Amino acid sequence: MDGTFDIKAEMRDIGAAARAAARELAYASSEQKDMALSAAAQALWDRRAEILEANAADMEDARAKGISGAMLDRLELTEGRVRAMVEGLRAIAAQPDPVGAVLAEWDRPSGLHIRRVRTPIGVIGVIFESRPNVTADAGALCLKAGNAAILRGGSESFRSARAIHACLVDGLRAAALPQAAIQLVPTRDRAAVGEMLGMVEHIDVIVPRGGKSLVARVQAEARVPVFAHLEGIVHIYVDRAADPEKARRVILNAKTRRTGICGAAECLLIDRAYFEAAGAPFIADLIAAGVEVRGDDSLQALPGVVPAGAEDWGREYLDSIIAARLVEGVDGAIEHIRRYGSNHTDCVITEDDAVAARFFERLDSAILMRNVSTQFADGGEFGMGAEIGIATGKLHARGPVGAEQLTSFKYLVEGDGAIRA
């Protein structure tokens, strides 16, 4: 189908099918949804050879295009990563069904009994780039929350996403749920994105999962509401009361475990008092691990540090590069993060409870951490099974978006012939 059909007409058909499926999913039983997820997980594992073969073809094309090493890491699937997808789907299946949960319940003197209950949003459009595992994560989370999903993956992961999507359809079929509950846009043509952004009659919310240019386009052009997943401009602040060994362990992991994910550290802020007393051995650790450290004037004297430019503050590298500078205590760190951060994830390393409390209180990032690697900024690590993204806005969903965050609510009001005076 790729490139051989009328995109506008095809997308409208996809949207209409998703809307019909969403109406059926809204009252699907928990057992049906969990059966679909469990069957999809088994299909992923049984068909892992097909998935890895498709991914190998995607990787070959990506290398031929000269895509960066960090982006190749995001695209690559291994048996271990397929296993992680399988475990994620099973974890989502094992969670309580959010649909129908009573959020609040009360009685009024007028004789009304009122309940606020969770309800599916409807149809979720997910636009993502190179990470093929988002196909499984997003489809599964939408299904668990009773939503239909329209998934549009990046051109680099086209074959991988199709192979994964086929397993999700196997799961829907096994549970006798509509196969249109999880649809994958069957074209690389970027015009499909534009169509999705205007499909207000078929899509209830768009979730962009990708780089700055994708999110900027979605926010600028969408007529459909958006859960924004902005850049992960992730800061780590090393306070004067930091434990040196904790600092070294956390910083190295936060930057180097996987450089291409949104939770990777991108800027290191060091309390001047800490630096003058203990130096910065974690910078030597980073350089030894192959990370390019771009430092301010004070740090350029350290072996291996290269000069930072103005463009290095507030930058998401998604690569083996990190910016570093000295700041004047926690307030200096807060000032820098407020100016250059993206409200995604920021971390303080300190043994001083008052400093940690000030950092937590005066910053408004979706995720704030203390003495832990920012690589934990992930819905799976938060116990959500997986995530559809890290929402950096302030309305509805914020932080890791799991199944619960993909619901809305409605009020159920009952009485016994009550009338209003």
Span from the region 170-199 Cα centroid across to the region 91-156 one, whole angstrom: 16
Mean residue ellipticity at 222 nm from the helices of the chain, using -39,500 (n - 2.57) per DSSP H segment of n ≥ 4 over the full residue count, to the nearest 500 deg cm²/dmol? -13000 deg cm²/dmol
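Stretched out fully, how many nm does the piece from Asp416 to Ala216 gain, at 0.36 nm a residue minus the Cα gap? The partial results should precede the final answer.
Working: separation 200, 0.36 × 200 = 72.00 nm, distance 5.14 nm.
Going from the current span to full extension adds 66.9 nm.
With the contact rule set at Cα under 8 Å and sequence spacing of 6 or more, what percent relative contact order holds for region 234-376? Provide the component values of the computation, followed by the final result.
Values: 280 pairs, mean separation 49.5, N = 143.
Relative contact order, region 234-376: 35 percent.
Please work out the FRET efficiency for the pair Ala354 and Arg63, using the Cβ-Cβ distance as r and a Förster radius of 35 Å; give the result to the nearest 0.05.
Values: r = 50 Å, r/R0 = 1.44.
Computed FRET efficiency for Ala354 and Arg63 comes out at 0.10.
Using a simple charge model, +1 on the beta-carbon of Lys and Arg, -1 on the beta-carbon of Asp and Glu, nothing else, what dipole does region 54-203 show about its Cα centre, in debye to the nearest 20? Intermediate results must be reported in sequence, preceding the final value.
Details: 18 positive and 17 negative charges, 43 e Å.
With Lys and Arg at +1 and Asp and Glu at -1, about 200 debye.
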Proxy reagent accessibility, fewest Cβ within 10 Å first, across Ser110, Ser30: Ser110, Ser30
Across Lys212/Lys394; Lys33/Lys410; Lys255/Lys394, pairs whose alpha-carbon gap is larger than 23 Å: Lys255/Lys394
Gaussian network model of the chain, springs between alpha carbon atoms under 10 Å - residue of Leu302, Leu44, Leu25 with greatest fluctuation: Leu302
Where does each of Val413, Val327, Val372 land when they are ranked from fewest to most other beta-carbon atoms within 10 angstrom? Val413, Val372, Val327
How many nm separate the modelled label positions at Ala288 and Arg116, each set 7 Å beyond the Cα in the direction of the Cβ? 5.3
Extension length gain for Arg23 and Lys8 (0.36 nm per residue less Cα distance), in nm, is 3.1 nm
The chain: angle of helix 244-256 to the longest principal axis, Cα-based, in degrees nearest 10: 50
Could you work out how far the C-alpha centroid of region 24-83 sits from that of region 315-366, in angstrom? 34
Just how large is the dipole of the chain about the Cα centre, in debye to the nearest 20, putting +1 at every Lys and Arg Cβ and -1 at every Asp and Glu Cβ? 800
Please work out whether region 222-282 counts as rounded, prolate or oblate from its C-alpha gyration tensor, where a ≥ b ≥ c are the square roots of the eigenvalues and a/c under 1.5 means rounded, while otherwise a/b larger than b/c means prolate and anything else oblate? prolate
Using +1 at the Cβ of each Lys and Arg and -1 at the Cβ of each Asp and Glu in region 106-171, identify which of Val126, Ala163, Leu143 lies farthest towards the dipole's positive end. Leu143
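Calculate, in nm to one decimal, what Ser298 and Glu335 gain on full extension: separation in residues at 0.36 nm each, minus their alpha carbon distance.
Values: separation 37, 0.36 × 37 = 13.32 nm, distance 1.84 nm.
In short, 11.5 nm is gained.
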From the Cα gyration tensor of the chain, with a ≥ b ≥ c the square roots of its eigenvalues, which class applies: rounded if a/c is under 1.5, or else prolate if a/b is larger than b/c, or else oblate? oblate
Can you bin region 234-376 into rounded, prolate or oblate? Criterion: square roots of the alpha carbon gyration tensor eigenvalues sorted a ≥ b ≥ c, rounded for a/c under 1.5, prolate for a/b above b/c, oblate for the rest. rounded
Electrostatic dipole magnitude of region 234-376 [Cβ: Lys, Arg +1; Asp, Glu -1; Cα centre; debye, to 20]: 360
Spin-label proximity, Arg249 to region 329-361 - amide N less than 16 Å from point 7 Å beyond Cα toward beta carbon: 349-351
Could you tell me which of Val355, Tyr274, Ser373 has its Cα farthest along the dipole of region 234-376 towards the positive end, charges placed at Cβ (Lys, Arg +1; Asp, Glu -1), taken about the Cα centre? Ser373
Of the candidates Ala403, Val185, Ile51, the farthest towards the positive dipole end of the chain (Lys/Arg Cβ +1, Asp/Glu Cβ -1, centred on the Cα centre) is Val185
Show me, for region 120-133, the HN-Hα J-couplings you get by feeding each phi into the Karplus relation (A = 6.51, B = -1.76, C = 1.60, θ = phi - 60°), rounded to Hz, glycine and proline as x. x, 6, x, 10, 10, x, 10, 10, 9, 9, 7, 7, x, 5
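Where a number appears in this text, it was derived from the coordinates with a stated rule and is not lab data. Everything numeric in this text was worked out from a predicted model, so none of it was measured. Cβ: placed from backbone, ideal geometry, glycine included. Neighbour counts: every protein chain shown.
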